[in-house]
1. Given the peptides 386-398, 525-537, arrange them by the average over their residues of other C-beta atoms within 10 Å, most packed first.
2. Would you mind telling me the share, in percent, of accessible area of segment 177-252 contributed by carbon and sulfur at probe 1.4 angstrom?
3. Against the globular-protein guess of 2.2 N^0.38 Å, express the Cα radius of gyration of segment 346-491 as a ratio, rounded to two decimals.
4. Express the Stokes-Einstein translational diffusion coefficient of segment 45-188 in µm² s⁻¹, to the nearest whole number, given a Kirkwood radius over alpha-carbon pairs, 37 °C and a viscosity of 0.692 mPa s.
5. Got a number for carbon plus sulfur as a percent of segment 389-502's accessible area, 1.4 Å probe?
6. As an exercise, take the mean of 1/r over every pair of distinct alpha carbons in segment 487-537, invert it, and state the Kirkwood radius in angstroms.
7. Based on alpha-carbon centroids, what's the gap between segment 163-232 and segment 312-343 in Å, whole number please?
8. Over segment 323-394, what is the relative contact order in percent, taking alpha-carbon pairs closer than 8 angstrom and at least six residues apart?
Amino acid sequence: MVQITLPDGSQRNYDAAVTVAEVAASIGTGLAKAALAGKVNGQVVDTSFVIDKDSSLAIITAKDADGLEVIRHSTAHLLAYAVKEIFPAAQVTIGPVIENGFFYDFSFERPFTLEDLAVIEKRMTALAAKDEPLVRRVLPRDEAVAYFKGLGEHYKAEIIASIPAGEDVSLYREGAFEDLCRGPHVPSTGKLKHFKLMKLAGAYWRGDHKNEMLQRIYGTAWATKEDLQQHLTMLEEAEKRDHRKLGRELDLFHVDDHAPGMVFWHPKGWAIWQAVEQYMRQVYRDNGYQEVKGPQLLDKGLWEKTGHWDKYRDNMFTTESEKRDYALKPMNCPGHILIFKQGLKSYRDLPLRYGEFGQCHRNEATGGLHGIMRVRGFTQDDGHIFCTEDQILAECVAYTTLLQKVYADFGFKNIIYKIATRPEQRIGSDEIWDKAEHALIESLRASGCEFELSPGEGAFYGPKVEYTLKDAIGRHWQCGTIQVDFSMPERLDADYVGEDSARHRPVMLHRAIVGSLERFIGILIEETAGALPTWLAPVQVKVLNITDAQAEYARNVVKTLQNQGFRVEADLRNEKITYKIREHSMQKVPYLVVIGDKEMASGAVAVRARGGQDLGVMSIAEFAQKISADVTLKSIV
């Protein structure tokens, strides 16, 4: 007798061992048809999995997150199946699920083309229509190596050979194609209906540039036609909003092979940067932070003490001088501890909040660089709070409130909260981790925030809250964080004098709101499609004259507004006013001021808001008040 407990708590008894598919069929034909996999005692398995002892079971369908992952995993195999049918000489390597889809890497004599993608996708559709079952079998490792070598699949054989000797490996067959995989997979290819191949890329075998360059095919797969179309529409919108494209069109910045992963800011782009930085600097001042500045180069020994050298050395730029090794800082925290240690600190000084616009460098792989979103040189709005254990909760609650206000000012009100808990490789005792995790959980509860846990995703020195923004087209951007750290002050021997006159270790809270300013500005550009709100726009007002007769008056208007702190420029070219309006509208300037003889005679201006809205004629003072209100209220227009 086998007893199966279902998610609603009900139980079903079977006389003998039973498969997931058989359980689904016993519940109902609709569920049997919809079943993609099962979750037995928390583990996702094929519908052919045999349950031979009392177990809990959830039937997974396309409506479940696990079901969507199974669909994408199986579609990656369908891609490989189609490629092998069309290009038999191609060798398959790896094909994992990724966010919103999957990819598969192939070794082939020539690069694939976009025309190839269309042919491959058509073949995938035909193979799916055959509704061939996916059948699992298990082989000993060495037998599997020999099997794939016999097929000419040398990469797959190499993967299997890296598995410890004596272990078994699982293979899945669909029609004429068989692949190495742990699974699980959908019961048959007919379950795979809503997919599309997206793009091509190169990828080194095993990520090593010394190895062969493989051909990577990216695809996306969804549970329904509507979900697929919604995703494709979002991608089209994202392409229009691509910060790299808008950066060129709006003349904001560029990246250059002379400095890979570094940003060259143009005047208008730097104006945006300054608007963000000066706003965040005011946030520092208004919330009890003292701004500090640490050096770029720090001795290797310091990074060894903190534990960063063991964890991050492959991503650190290093140099040597006078037989001493140094590293460009990839983060600011050790420098802030060294500042804290200068001079005796008392419990009365705590909490002590340091803030820095700290420039950091990380040796990211070239293939991972992405505009100003993923760079090697970046600046963080980095802060560290030194406090007592009793102050952790209040500081974390206050930080979340502050972060919510900052994000709202930038136009983001949809925030996702996650608590990343202790990773397998970590420093510090379990007791310390218990305290730190409890403090973060209680702080979000006290802030009234719904949150989810990310087990094992914490930093090596402490757990963290990750604050993720959801943008206008549904994408997620993890920006802010606060991390509780008991270990680094201990490692660098930081202390304060307590009320009992004894020495105590402070707790260190690592925090950033916007994170990398480069990345955050990229997010803002994509969120607004380049139409930044007035308070952030690099040029807030463009003054346009109709004829040369108004040129001098236009210059005076510019000067008057500039003297009030606004970012204003004039366009006095001998061009038609319609041409000027169209050009600066495309540059997404918030306000266009048109000056003709009537405006000049009355000492007024005719104002057009972005989007072509005619605001009519008003005095310069009235217009200045309107801009000032936009800036003060952080209007998201």
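1. Numbers: 386-398: 18.5, 525-537: 22.4.
Ranked by mean Cβ neighbours within 10 Å, highest first: 525-537, 386-398.
2. Exposed carbon and sulfur together represent 47 percent of the surface.
3. 1.10
4. Approximately 201 µm²/s, per Stokes-Einstein.
5. Details: 2240 of 5130 Å².
C and S fraction of accessible area: 44 percent.
6. 14.6
7. One Cα centre to the other: 41 Å.
8. Here the relative contact order equals 37 percent.
The values are calculated or read from the model by the stated rules, or taken from the named source; none is laboratory data. This one's a predicted model, so the numbers in the text were calculated from it and none came from an experiment. With ideal geometry, Cβ positions are generated from the backbone for all residues, glycine too; neighbour counts draw on all protein chains shown. Ligands, DNA and RNA are stripped out before the accessible areas are found, and what is left, the full protein with its side chains, is counted by its heavy atoms. Shrake-Rupley method; radii C 1.70, N 1.55, O 1.52, S 1.80 Å.
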